[in-house]
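In what follows, a structure is listed as structure tokens, so that the remarks can point back to it.
The values are calculated or read from the model by the stated rules, or taken from the named source; none is laboratory data. This one's a predicted model, so the numbers in the text were calculated from it and none came from an experiment. Reconstructed Cβ throughout: ideal geometry from the backbone, glycine too, with neighbour counts over all protein chains shown. These accessible areas exclude ligands, DNA and RNA; they are computed on the full protein's heavy atoms, side chains included. Shrake-Rupley method; radii C 1.70, N 1.55, O 1.52, S 1.80 Å.
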Amino acid sequence: MRRKRGYMRLAEDDKIRYKNEIKSWEDHMIRIGREDLVRKYISTSVKAKHTKRAKTKAKLQKRKTKDRPTTSKKPTLSAARAKRAKKAKKREE
């Protein structure tokens, strides 16, 4: 009987730990935008909290880009493209 109680206690602890880990993983998946991996019956308050946070973050990002002064600089080339452009110019000369 004592052995059984010990195993029952361990099983209950494992069950609680599993639930907590699953909840944590689902919250993380929602935060990074992978709601398709989350169970269908997760509480809507968790989803709403994360989507609200994402919308607020997007609004702040949009404001930041509006506040930046526009520059007339040409877009920079990657290092490989720049090398190829230099070689092409040398060949032309």
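Here are a few things to note about the model shown:
- Met29, Met8, ranked by accessible area, largest first (probe 1.4 Å): Met8, Met29
- Within the full protein context, the accessible area of Leu60 is estimated at about 90 Å² for a probe radius of 1.4 Å.
- Between Leu60 and Lys15, full extension at 0.36 nm per residue minus the direct alpha carbon distance yields a gain of 12.2 nm.
- Local electrostatic count, Arg91, Cβ distance below 14 Å [Lys/Arg +1, Asp/Glu -1]: +4
- In this simple spin-label approximation, Ala82 and Lys4 carry label points 7 Å from Cα along the Cα→Cβ vector, and these lie 7.5 nm apart.
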